[in-house]
Amino acid sequence: MTEVLFTGNAPDYAHQGDAGADLVADSDYIVGYGQVTQVHTGTYLAMPDRIYGEVVPRSGWGTKYGLALANTVGIIDPNYRGEILLQLTLNRPGTLSIRKGDRVAQIIFKPFMRAQFHRVQHLPDSVRGTDGFGSTGV
């Protein structure tokens, strides 16, 4: 288990064994179709070095109401100390009311490695090569 320090609203696991800890809205919001609404969580974190937080939508809100993160996934770096903000959008016509305390997103903590980049004249060959979108068929 990784120790993460917080102030404000605590992320909370709904069930034992859950990968994502829920993030809540700190007040009431109305999210409109096709608009981006910034939702405050009131959550501030300090994660250990080499651990980042990946903010993802809660599947229930997306399935039932069409609520999504505008940036699809939010990356919270371990050296960031500001409030976790959510950029939410509604993908279905209408509006959606979010109430203070609603669990609207979740954060998953993951280890990461930093890369050291080296410029080369040519990249080594691979089996896939430059085949991109749609290259593996339907």
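Give the number of residues within segment 106-124 that are assigned to a strand (DSSP E or B) and not basic (Lys, Arg).
Looking only at that region, the number is 5.
Which pairs turn up if I take residues in segment 1-16 that are more than 19 Å from GLU83 (Cα to Cα) and look for partners that are part of a loop (DSSP other than H, G, I, E, B) with beta carbon separation below 7 Å, at least 6 apart in sequence or on another chain?
THR2/PRO48
Given the conditions (1) of a type in the set (Phe, Trp, Tyr); (2) part of a loop (DSSP other than H, G, I, E, B); (3) touching a residue at least 60 places away in the same chain (Cβ under 8 Å), and given that TYR80 satisfies all but one, which numbered condition is not satisfied?
Of everything listed in (1) of a type in the set (Phe, Trp, Tyr); (2) part of a loop (DSSP other than H, G, I, E, B); (3) touching a residue at least 60 places away in the same chain (Cβ under 8 Å), TYR80 misses just condition (3).
Do you know which of the residues in segment 85-105 that are at negative phi and assigned to a loop (DSSP other than H, G, I, E, B) is surrounded by the most Cβ atoms within 10 Å (Cβ to Cβ)? Step through it out loud before you land on a result.
First, pick out the residues of segment 85-105 that are at negative phi: 85-93, 95-100, 102-105.
Those still in the list that are assigned to a loop (DSSP other than H, G, I, E, B) too: 91-93, 99-100, 102.
Numbers: ASN91: 11, ARG92: 12, PRO93: 9, ARG99: 11, LYS100: 11, ASP102: 16.
Top of the filtered list is ASP102.
Pick from segment 72-84 the residues that are surrounded by 14 or more Cβ atoms within 10 Å (Cβ to Cβ) and modelled with pLDDT of 95 or more: which of them is nearest to the chain's Cα centre (by Cα)?
Start the filter on segment 72-84 by keeping residues that are surrounded by 14 or more Cβ atoms within 10 Å (Cβ to Cβ), which leaves 74, 76, 78, 80, 83-84.
Then drop every residue that is not modelled with pLDDT of 95 or more, which leaves 76, 78, 80, 83-84.
On the way: ILE76: 8, PRO78: 14, TYR80: 14, GLU83: 14, ILE84: 10 Å.
Top of the filtered list is ILE76.
Conditions first: (1) touching a strand residue (DSSP E or B) at 6+ places or on another chain (Cβ under 6 Å); (2) more than 24 Å from ARG81 (Cα to Cα). ASP26 passes all but one, so which condition is the exception?
Just one mismatch for ASP26, condition (2).
Results for (1) in contact with a helix residue (DSSP H, G or I) (Cβ under 8 Å, 6 or more places away or on another chain); (2) closer than 20 Å to PRO111 by Cα; (3) polar (S, T, N, Q), shown as yes or no for each residue.
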| site | (1), (2), (3) |
| --- | --- |
| ASP12 | no, yes, no |
| GLN16 | no, no, yes |
| ASP22 | no, yes, no |
| ILE30 | no, no, no |
| LEU45 | no, yes, no |
| THR63 | no, no, yes |
| LEU69 | no, no, no |
| GLY74 | no, yes, no |
| ASP77 | no, yes, no |
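The values are calculated or read from the model by the stated rules, or taken from the named source; none is laboratory data. Just so you know, these numbers come straight off a predicted model, no measurement behind them. For neighbour counting, all protein chains shown are included, and Cβ atoms are generated from backbone atoms with ideal geometry for every residue, glycine included.
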